[in-house]
Amino acid sequence: MLPVWVDVALLLVSTAAGLRAWRLSGRVRTLTARLQSRERGGHFLAESPDPQQILQHAYRAASEILPLAEFDLYRVDQSNRIYEVWTLGGPTEDRRPRRDPANANLGELIDSQAVLQQLATTETDRSFAPRELMPGSPPSQRLRLPLYSGDVLVAYLLLISPRPIEEHHKAEIRALLAPLTSSLHASRNWEIAVTDELSGLSSRRYFETRLAEEWARHLRYGAPLAVACFDLDHFKRINDTLGHAAGDAAIRRFGEILRAAVRASDLACRSGGEEFAVLFPETSARAALAVADRVRRSIEKESFTSEGRPFHVTVSAGVADTTALAADDRDQLLFRADRALYAAKDSGRNRARLWAEKTKARGKL
């Protein structure tokens, strides 16, 4: 028979292990519930899994396990290229994820098979786990974790702690990866469904959905709302003289420039052909105009070639906001931005214009 003190010690160890498992399961349940939420900022995003909110919830859950110096996400597209990087910045007590449009890793092609060999281990025929989180791996302060949904590589998670990450920490982190990976995979699939393939921007249908939501927020809270409309100048001439491949290259590059210029809370779309639009929540027309003009200058500096023939592309833009619009005037917001766009065309192209009352009488060119 074991001494009483041994029984007590075993009971304490068992209780501590049970408490740790209970806390971990609670964190996983809480994280899963948060990731299943589609609400952002008090309005409904048409079932949009928001990557910023996904990463925010995951960071909070992981930081309950151990202190974190870095918690960065590299999202991978269907062609295994890094297409989006999110990083956490700011004070430790109020860290918020932000998109990094200038990250040097953007566009990098990932060898998925090499990742499996180097960083992941096979658990079943279609299930892979990060090798660095498996039992027996040595303590470290840095983890590079590939996130697989089945056999699909969804993202990398870079996690750095100021202190060694022990095996029990790794076991807890691993438990959080399943709901995180599932949400990121759902987010990517959703983005594919609402994204224009050529430009990489949102579809017009989704733009209209978000416009209705942001208009409702504007009416409820009184925050300004701005829209910018863009149109590539002389686009038909490019297609007719250089071919549609040249036109596609211009649209593709303009989409990249526009996507890099706007905030995560803004929404850029290809509204049709060579026409584009951006929704700027909680933004005045003047602030949106500054972004539109920066985009205009960026595309103007680009040099294109088509079958050895160089060409340049310019864009005209029009901007309007909700100033002096009534509650039932949502359509007027786009109308005003469109009028300002064609006023820019009428005054010489390759410029950005604000809507003004005198613009209203101008016809479409």
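Some observations on this one:
- Considering only residues in region 163-188 that are in contact with an Asp or Glu (Cβ under 8 Å, 6 or more places away or on another chain) and touching a residue at least 40 places away in the same chain (Cβ under 8 Å), the one that is surrounded by the fewest Cβ atoms within 10 Å (Cβ to Cβ) turns out to be Ser187.
- Of the candidates Ala288, Ala337, Ala327, Ala264, the single residue that is touching a Lys or Arg at 6+ places or on another chain (Cβ under 6 Å) and touching a residue at least 24 places away in the same chain (Cβ under 8 Å) is Ala264.
- Residue in region 334-357 that is modelled with the lowest pLDDT, counting only those that are surrounded by fewer than 18 Cβ atoms within 10 Å (Cβ to Cβ) and among the small types (Gly, Ala, Ser): Ala356
- Residue check for Ile160: touching a Ser or Thr at 6+ places or on another chain (Cβ under 7 Å), surrounded by 14 or more Cβ atoms within 10 Å (Cβ to Cβ) and farther than 17 Å from Leu267 by Cβ: no
- Hits in region 310-333 - residues which are surrounded by 18 or more Cβ atoms within 10 Å (Cβ to Cβ), modelled with pLDDT of 95 or more, more than 15 Å from Arg353 (Cβ to Cβ) and not β-branched (Val, Ile, Thr): Leu333
- Scope region 189-247; condition surrounded by 14 or more Cβ atoms within 10 Å (Cβ to Cβ) and aromatic (Phe, Trp, Tyr); matching residues: Trp190, Tyr206, Phe207, Trp215, Phe230, Phe235
- Per the listing Phe235, Phe254, the residue uniquely over 23 Å from the mean Cα position of the chain (by Cα) and either more than 26 Å from Gln56 (Cα to Cα) or of a type outside the set (A, V, I, L, M, F, W, C) (or both) is Phe235.
- Selection within region 261-287: residues that are of a type in the set (Asp, Glu) and assigned to a loop (DSSP other than H, G, I, E, B). The member of this set that is nearest to Ala223 (Cα to Cα) is Glu282.
- Region 268-309 - residue that is farther than 20 Å from Leu198 by Cα and aliphatic (A, V, I, L, M) and, of those, surrounded by the most Cβ atoms within 10 Å (Cβ to Cβ): Ala292
- Subset tally (residues that are in contact with a Pro (Cβ under 9 Å, 6 or more places away or on another chain) and assigned to a strand (DSSP E or B)) for region 194-233: 2
The values are calculated or read from the model by the stated rules, or taken from the named source; none is laboratory data. Keep in mind that this is a model prediction, so the values were computed, not measured. Cβ coordinates were reconstructed from backbone atoms using ideal geometry, including for glycine residues, and neighbour counts include every protein chain displayed.
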